[in-house]
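So the structure is just underneath, and the comments pick up after that.
The values are calculated or read from the model by the stated rules, or taken from the named source; none is laboratory data. Note that the structure is predicted; figures quoted are calculated from it, not measured. As a convention, Cβ positions derive from the backbone with ideal geometry for all residues, glycine included, and neighbour counts pool all protein chains shown.
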Amino acid sequence: MYAIIETGGKQYRVTEGVNLKVEKLEATGEVVFDRVLMVSDGEKATFGTPYLDNVKVIADVLETKKARKVLVFKKKPRKGFKRLRGHRQLYTTVRIKNIQVSG
């Protein structure tokens, strides 16, 4: 069984027991994703318009960290303008515990 969830403006395909890196969540312990777009049991797929009401994905929060540094370099030729900036995005690692379908 797998589901497609939406969090942080992105969509993820999840199955039970998988670790997933998502945009930073302000939660600790257990988190419930209720924005489920699709769920499939292998034979039959159910799609939401846009979300499914009777499906929840439950996950455990493992850690919140920073990703690798992304360097942003700007340069204008023949003007002597150079600028180097770095950015480290925060992310949360979650382990999908259960996909609950009720009804």
The stretch 13-29 residues that are on the phi > 0 side of the Ramachandran plot, paired with ones that are surrounded by 11 or more Cβ atoms within 10 Å (Cβ to Cβ) and assigned to a strand (DSSP E or B) (beta carbon under 9 Å, 6 or more apart): 17/95; 17/96; 17/97; 29/60; 29/61
In the stretch 47-103, residue farthest from residue 36 (Cα to Cα) [restricted to those that are modelled with pLDDT under 95 and among the hydroxyl-bearing types (Ser, Thr, Tyr)]: 102
Tally, over the stretch 49-65, of residues that are in a loop (DSSP other than H, G, I, E, B) and of a type in the set (Ser, Thr, Tyr): 2
Residue under evaluation residue 28, criteria (1) part of a strand (DSSP E or B); (2) closer than 18 Å to residue 91 by Cβ; (3) of a type outside the set (D, E, K, R), criterion not met: (1)
Where residue 46 falls short, out of the listed (1) within 18 Å of the chain's Cα centre (by Cα); (2) under 30 Å from residue 103 (Cα atoms); (3) assigned to a strand (DSSP E or B): (1)
Some residue of the stretch 13-21 being acidic (Asp, Glu), modelled with pLDDT under 95 and not in a strand (DSSP E or B): no
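Could we say that residue 68 is part of a loop (DSSP other than H, G, I, E, B), loosely packed, with under 13 Cβ neighbours inside 10 Å, on the phi > 0 side of the Ramachandran plot and among the charged types (D, E, K, R) here? If you could, list the steps in order and put the result at the bottom.
Details: part of a loop (DSSP other than H, G, I, E, B): yes; loosely packed, with under 13 Cβ neighbours inside 10 Å: yes; on the phi > 0 side of the Ramachandran plot: no; among the charged types (D, E, K, R): yes.
So residue 68 does not fit the description; no.
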The stretch 30-65, subset touching a residue at least 60 places away in the same chain (Cβ under 8 Å) and of a type in the set (Val, Ile, Thr), residue surrounded by the most Cβ atoms within 10 Å (Cβ to Cβ): 39
